[in-house]
Amino acid sequence: MPPSPDAPGRTGAGRGGHPLLRYLGIRFLVSLLLVWGVTLVTFVLTALVPADPVAAVLGDQAAADPEVVAQFRRELGLDRPLAVQYLLYLQRLVHLDLGTSAQTRQPVLDDLREAVPATLELALFVLVVSVVLGVGAGLLAALRHHRPVDGVVRVLSLVGISTPTFWLALILFYVGFYRLGWFPGSGRLDARMAPPPEVTGLLTVDSLLAGDAAAFTDAVAHLLLPGIVLTLYAVGLLARFSRSAVLDVLSAEHVTAARAKGLPARAVVFRYVLRAALVPILTVVGLSFGSLLSGSVLTEAVFAWHGLGQYAYQSATRLDLQAVMGVGLVVGITYITINFAVDVLTAFVDPRVRRR
Amino acid sequence: MSATTPARPAPAAPPARPGWLRRSLRPRSPLTAIGVVVALAWLLVVVLGPMLPVQDPLAQTPDRLAPLSREHWFGTDSLGRDVFARVVAGARVSIPLSLLLVVLSMLLGSFVGAVAGLLGGVVDEVLMRVADLVLAFPTIILAMGVAAALGPSLTHAVVAMLVVTWPQYARVTRSLVLGARDREFVIAGRLMGIGWFTSLRRDVVPNVTGPVLVLATLDFGNAVLLLSGLSFLGLGTVPPTPEWGLMVSDGVQNFTAWWVAAFPGLAIVSIVLAFNFIGDALRDALDPRTQQAVGSRAL
């Protein structure tokens, strides 16, 4: 791997250009490098598979016929050297050809087009709710340090990160759906309900666009249970980090100075504390997106939520290589993009970052 | 530790003030006490396991999905096995396996991190970029991919989990080593002509063990969650092993019999929570900021 430009101080010293642009340019290059690395990882992962994909895809009967097997290997390029296979893989990627899934017999790209919006809808819902609740709880706990509120937030957030999502999903499913009947069961929409015409793939947005109130209510109701499961975890994570980020800032000298000058508490919190704490909080929000995707694999399995997680799980257990590579790419690239976006936001919030 | 420490530092001295371990383990808060008690109770179950008067966790009975009763405290599962016996037996699977995972990942990760920090340059760049790459994938998804690629077996699951867990240790160790590398006694040792490996082993390692061990304690809960999560997906332990995650997945098929999944899940929550309570106290004890903040009453 070539040396990464991940050292702004070294590469950028004394050169012209706007510092913000230069900083963003470097972060962008690093992100590109990481994307390239992701293609390498997904490729290596599937190339190293000792289990024979040929038998898994063709079935035992066809795999016994050497003619069929040779044909299959030629089609996938499995008879060429690894380096050539990788270049072929990259070439197909550039043309957005992610191969054909062995289990659905559809192009992987089409499968992903169906799966991604389902997960995205769930993840966005959870992210918005848990950023509000988590950062709010963390701020409250830090401002009331060593008071009862702090203790309650601490215990609740530890419970949140200690509870296995797949178990909580099952328990809430049992209580909320089977016992109380307050929530709809699995899936994204009631089976008897016609899905709204597809625009974004997000059922809540599409039903609103179509002006279909019944479908919208039903889609939101289906989001609630899996949403609560993931939110509990994400809130726990965010509350902990926000609390310690705010505590850090509270003991900083500029905050002491602001308070000593007699600024009202509210002004100090909103003008100085929150702004400074925003940088670490933003970073954690970006990073927590990865945990959210991990959690959604396990949650989707329980709620039969036909998203990326379930697709990944099904293709991984059936050795559907093309599909696994596709999911790995989408997930890796999403994660890198989000963290690049966080870098950009950070640079705007914190001027020091650009000058480093 | 003073700057005049000779080439050979006090062995295994963590860079915190003396007595940090005792201070942090002294239960100042009820949470830490609860954590320690629960963790010790589970430890006892692991040690005494075979001697406990419970039923055979593998014995199948025609009494399938039976609710809680005097014979079966936690009911029975889909094959008529006693859930209480399986939860107890599961402690002897989940806890040692997670411990093994944490230890292996700590050894691998801190070795990589130490080498990167000590050698620097291209080696450092390459190793840390690889770590970044692994971190660019959500843990379960990458572990799932590796476990599936290698084929379902416990060994492969452990390998898969190692692949996703080493980078955090590598990062922490690297930054600690970078801090230790420029200390006088380490430089003195290198100037005396000892090789990098000897320098690593004798001068650097003792100075990074404390924080890395704390990280491992904090990480134990995550290891339990990762292992049970993979098993839940059918990519970790293999049936009929009484593993908690695997037992919860039996409850998915039979969700109306709530006891099948509820009790193994509670076992997971209790041990993870206990370790997180302990870890929280450890973190507080090691973090001087939390002690300062006690004095400065918040707004």
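The values are calculated or read from the model by the stated rules, or taken from the named source; none is laboratory data. What you see is a predicted model; the values in this text were computed from it and never measured. Using ideal geometry, Cβ is built from the backbone for each residue, glycine included, and neighbour counts are taken over all protein chains shown. Keep in mind that these areas ignore ligands, DNA and RNA; they rest on the heavy atoms of the full protein, side chains included. Shrake-Rupley method; radii C 1.70, N 1.55, O 1.52, S 1.80 Å.
Counting residues in segment B:239-258 that are more than 11 Å from chain A (Cβ to nearest Cβ), surrounded by 19 or more Cβ atoms within 10 Å (Cβ to Cβ) and of a type in the set (D, E, K, R) gives one or more. Does A:L247 fit the bill of being part of a helix (DSSP H, G or I) and either facing chain B (nearest Cβ under 9 Å) or surrounded by 21 or more Cβ atoms within 10 Å (Cβ to Cβ) (or both)? Yes. Filtered by the rule that a residue be open to solvent by 20 Å² or more (accessible area, probe 1.4 Å), more than 7 Å from every other protein chain (Cβ to nearest Cβ) and farther than 29 Å from B:V238 by Cα, segment B:125-166 gives B:L127, B:V130. Among the conditions (1) closer than 17 Å to B:R283 by Cβ; (2) open to solvent by less than 20 Å² (accessible area, probe 1.4 Å); (3) β-branched (V, I, T), B:V177 misses just one, which is (1). Do we find a residue being modelled with pLDDT of 80 or more, assigned to a helix (DSSP H, G or I) and in contact with an Asp or Glu (Cβ under 7 Å, 6 or more places away or on another chain) anywhere in segment A:289-310? Yes, some residue in segment A:289-310 is modelled with pLDDT of 80 or more, assigned to a helix (DSSP H, G or I) and in contact with an Asp or Glu (Cβ under 7 Å, 6 or more places away or on another chain).
Check whether at least one residue in segment A:293-310 is surrounded by fewer than 24 Cβ atoms within 10 Å (Cβ to Cβ), more than 9 Å from every other protein chain (Cβ to nearest Cβ) and within 14 Å of A:D111 (Cβ to Cβ), and report yes or no. Yes, some residue in segment A:293-310 is surrounded by fewer than 24 Cβ atoms within 10 Å (Cβ to Cβ), more than 9 Å from every other protein chain (Cβ to nearest Cβ) and within 14 Å of A:D111 (Cβ to Cβ). The number of residues in segment B:196-244 that are without any contact (Cβ under 8 Å) to a residue 60 or more places away in the chain and more than 12 Å from the chain's Cα centre (by Cα) comes to 5.
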